[in-house]
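Note sheet for the following structure.
Readers should treat all values here as calculations from the given coordinates under stated rules, not as data from a laboratory. Fair warning: this is a prediction, and the values are worked out from it, not measured in the lab.
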Amino acid sequence: MNDRSPMLAQPMRPPSAGRVAAWAGFFLLGAVVGAAGALVQPGWFPGGLLLALAGEAGLVLGVARVTRGRAGGVAAAAGWMLAVVLLVASRPEGDFLFAGWAGIFFLIGGFGVAVICATLAPGRQPDGDPVRLGK
């Protein structure tokens, strides 16, 4: 092992309060986008479904790019997933928001888009030379 590696030289620090507040804000923004997508997708099928999924993908990738790490994108995706799962739950009257194939495509496709966008987001890299670590 190289003792001068920048990753080994820095101990793990807990996230700052500002970063945690940003993650909470992105979580709430994800929940809002999920609720809006749930209302848009059945209205203009298939255009509403594609618009809702594109909005989710843009949110998750945009947040990950702004925060320069995957954690912000994961927070937005988690907010989206929580909002959609809460909207899927049936009510005591027996009715629910997602009915038919459009709702199933929105639910499963949205989970897939959230996972893909959160994992494709650029990860955090240490500052320094743009060469490979350990070289």
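Provide Rg and Dmax in Å for the range 15-93, with only Cα atoms included in the calculation.
Computed over the Cα atoms of the range 15-93, radius of gyration and Dmax are 13.6, 45 Å.
Could you give the length gained on full extension between Ile116 and Phe45, defined as 0.36 nm per residue of separation minus the Cα-Cα distance, in nm?
Between Ile116 and Phe45, full extension yields 23.3 nm more.
Relative to the present Cα-Cα distance, how much length would full extension add between Ala36 and Val88 at 0.36 nm per residue of separation?
The span from Ala36 to Val88 would gain 17.4 nm if fully extended.
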